[in-house]
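Single-structure report; data block below.
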């Protein structure tokens, strides 16, 4: 789904109607597959996402270090739901998938393993909230993939290259754009949602304790998903972000290059370098 | 994919799979150098397991991935890992020195770019760019007039479209390398036909990974 800019994607959506349709048409063109084949592949990806949510919410997994597992279930069952069911379901599902990922279970990189919880959490919960048909989720995934493709082309999706903003920030942007289209928002509004999500996570570093994709990664999927929801609400209300999405993505890439290596997935700075972080890493050998 | 990191696990598995495809025969011995974030957080991300899984031909969603090192041992493949500093390369870079069953030695270096995207940047002495997104024909040949034309003519005769192409050489008149990305996979008989072209030393077919 290789669009090099949101501008180009938006122009394509001008004739297809939605970002999703433009994304699917481009993927079919690039791969030589039919549009219905592309949809079948996306649907099978959704199945893996759904299974990961179920597995994580069951709450029986523990990670290699023992630091994570079971919290998604705790949130799902025990959270006071002060901000409403949609919000709590989203953060619980985001953690569920991230826990499965941390436990070396099967997930969909969305766009990465470390940030794999945000997108499935947001779009599946939105589908429940809106009563969307299964096809709408396929469209949502296509929209998300197109946005992720633009970010990969212009900046990076790698925590080692650009920090957590490149992972959960990208995931939140992909999810926000997808959710806006699910809710009937315009392609332009979807772009604003992605921009709001990225600006909210701009500069976030990658500082995994012990070098494991566990702490803070699982919690960051929940908080990243929360920012994604905020972005959706802003965009659907008609609020516009004044900097175009392509420029926001370029800025994210620039910020990523400025982040020192100690805060880019080397476990040498941030939370990983705290006394507790170091002690947890030392006390829990992984093999 | 199998977690926990698309760069360190899924991407690493694809790097292993590409290395295996590029050498074109099973390895018996592999020394893996891990650079940057691959070295510092790789063990926690299962990077070692993933590279081995790829070398064994597993895909990034293979649930046997966590057992890869054990499976390699059972198959008699000796794989060792060490940290290395490769200088100004992508933070997630691995350098694989492989010995194949034939006794031949290979060097393959590549980076995991995020989200599972990868690029092989070095094969033996040749700088390359192999992403695994297209089927790739790797042609080692002598740097002499007409070889490129003969190879592309053979592809054209079999209606195989060239999507990307890169030619490099060690020095004028010496060993050279053609990397040809194609839209259609290159069948074995076509590869054999290309291998028989005057000036072509060897041909390897690297599938989409």
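The values are calculated or read from the model by the stated rules, or taken from the named source; none is laboratory data. These numbers were taken from a predicted model, which means no experiment stands behind them. So basically every Cβ, Gly included, is an ideal-geometry build from the backbone, and we count neighbours across all protein chains shown.
Select from segment A:246-287 the residues that are in a loop (DSSP other than H, G, I, E, B) and away from chain B (no Cβ under 13 Å) and list them in ascending order.
Listed by number, the list holds a single entry, A:274.
Considering only segment A:106-134, state which residues are in contact (Cβ under 8 Å) with a residue 24 or more places away in the chain, more than 10 Å from chain B (Cβ to nearest Cβ) and surrounded by fewer than 24 Cβ atoms within 10 Å (Cβ to Cβ). Full working, then the answer.
Initial filter on segment A:106-134 (in contact (Cβ under 8 Å) with a residue 24 or more places away in the chain): A:106-108, A:110-130, A:132, A:134.
Retained after the next criterion (residues that are more than 10 Å from chain B (Cβ to nearest Cβ)): A:117-130, A:132, A:134.
Result: A:124, A:127, A:128, A:129, A:130, A:132, A:134.
Considering every residue within segment B:117-126, establish whether at least one is more than 30 Å from residue A:149 (Cα to Cα), in contact (Cβ under 8 Å) with a residue 24 or more places away in the chain and not assigned by TED's automatic domain parsing to the domain that holds residue B:14.
From segment B:117-126, those more than 30 Å from residue A:149 (Cα to Cα) are B:124-125; that's our starting set.
Subset that is in contact (Cβ under 8 Å) with a residue 24 or more places away in the chain: B:125.
Of the ones still in play, those that are also not assigned by TED's automatic domain parsing to the domain that holds residue B:14 are none.
No - not one qualifying residue is present in segment B:117-126.
Just checking, does segment A:225-239 include any residue being part of a helix (DSSP H, G or I), within 14 Å of chain B (Cβ to nearest Cβ) and crowded, with 24+ Cβ neighbours inside 10 Å? Give the derivation first.
Taking segment A:225-239 and keeping what is part of a helix (DSSP H, G or I), we get A:225-236.
Those left that are additionally within 14 Å of chain B (Cβ to nearest Cβ): none.
Looking for residues that are part of a helix (DSSP H, G or I), within 14 Å of chain B (Cβ to nearest Cβ) and crowded, with 24+ Cβ neighbours inside 10 Å, one finds none in segment A:225-239, hence no.
Looking at residue A:189, is it within 17 Å of the chain's Cα centre (by Cα) and either under 20 Å from residue A:143 (Cβ atoms) or surrounded by 24 or more Cβ atoms within 10 Å (Cβ to Cβ) (or both)? Walk me through it before giving the result.
Values: within 17 Å of the chain's Cα centre (by Cα): no; either under 20 Å from residue A:143 (Cβ atoms) or surrounded by 24 or more Cβ atoms within 10 Å (Cβ to Cβ) (or both): yes.
Taking the combined requirement at face value, the residue does not satisfy it.
Being touching a helix residue (DSSP H, G or I) at 6+ places or on another chain (Cβ under 8 Å) and farther than 29 Å from residue A:257 by Cα narrows it down to one of B:63, B:59, so name that one. Walk me through it before giving the result.
Numbers: B:63 fails: touching a helix residue (DSSP H, G or I) at 6+ places or on another chain (Cβ under 8 Å).
Result of the check over B:63, B:59: B:59.
Take residue A:151 and tell me if it is under 13 Å from the mean Cα position of the chain (by Cα), buried (at least 24 other Cβ atoms within 10 Å of the Cβ) and within 12 Å of chain B (Cβ to nearest Cβ).
Values: under 13 Å from the mean Cα position of the chain (by Cα): yes; buried (at least 24 other Cβ atoms within 10 Å of the Cβ): yes; within 12 Å of chain B (Cβ to nearest Cβ): yes.
Yes.
When residues of segment A:192-205 are filtered for being more than 15 Å from the chain's Cα centre (by Cα) and crowded, with 24+ Cβ neighbours inside 10 Å, how many remain? Quick ask: steps written out before the conclusion?
Within segment A:192-205, the subset more than 15 Å from the chain's Cα centre (by Cα) is A:192, A:203, A:205.
Still in the list and also crowded, with 24+ Cβ neighbours inside 10 Å: A:192.
Residues meeting the conditions: 1.
Could you grab me the full set of residues in segment B:49-63 that are out of contact with any strand residue (DSSP E or B) (no Cβ under 7 Å at 6 or more places or on another chain) and more than 17 Å from residue A:109 (Cβ to Cβ)?
Passing the criteria: B:56, B:57.
Would you mind stating whether residue A:243 is assigned to a loop (DSSP other than H, G, I, E, B), touching a residue at least 12 places away in the same chain (Cβ under 8 Å) and either within 14 Å of chain B (Cβ to nearest Cβ) or on the phi > 0 side of the Ramachandran plot (or both)?
Here the answer is no, as residue A:243 does not meet what is asked.
If the requirement is being facing chain A (nearest Cβ under 9 Å), more than 15 Å from the chain's Cα centre (by Cα) and farther than 26 Å from residue A:62 by Cα, which of these qualifies: B:82, B:90, B:45?
Details: B:82 fails: facing chain A (nearest Cβ under 9 Å); B:45 fails: farther than 26 Å from residue A:62 by Cα.
Exactly one of B:82, B:90, B:45 is facing chain A (nearest Cβ under 9 Å), more than 15 Å from the chain's Cα centre (by Cα) and farther than 26 Å from residue A:62 by Cα, namely B:90.
Quick one: in segment B:1-33, which of the residues that are under 17 Å from residue B:121 (Cα atoms), in contact with a helix residue (DSSP H, G or I) (Cβ under 9 Å, 6 or more places away or on another chain) and more than 12 Å from chain A (Cβ to nearest Cβ) is surrounded by the most Cβ atoms within 10 Å (Cβ to Cβ)?
B:16
Can you name every residue in segment B:178-197 that is at pLDDT below 95 and part of a loop (DSSP other than H, G, I, E, B)?
B:183, B:184, B:185, B:186, B:187
Kindly provide the set of residues from segment B:1-48 that are under 22 Å from residue B:73 (Cα atoms) and part of a strand (DSSP E or B), ordered by number.
B:2, B:27, B:28, B:29, B:30, B:31, B:32, B:33, B:34
Give B:23, B:51 a once-over and let me know the one that is within 19 Å of the chain's Cα centre (by Cα) and modelled with pLDDT under 90. Break it down stepwise before answering.
On the way: B:51 fails: modelled with pLDDT under 90.
Only one candidate qualifies: B:23.
Would you pick out the residues in segment A:46-105 that are within 14 Å of chain B (Cβ to nearest Cβ), more than 14 Å from residue A:222 (Cβ to Cβ) and assigned to a loop (DSSP other than H, G, I, E, B)?
A:61, A:62, A:63, A:64, A:65, A:66, A:67, A:69, A:103, A:104, A:105
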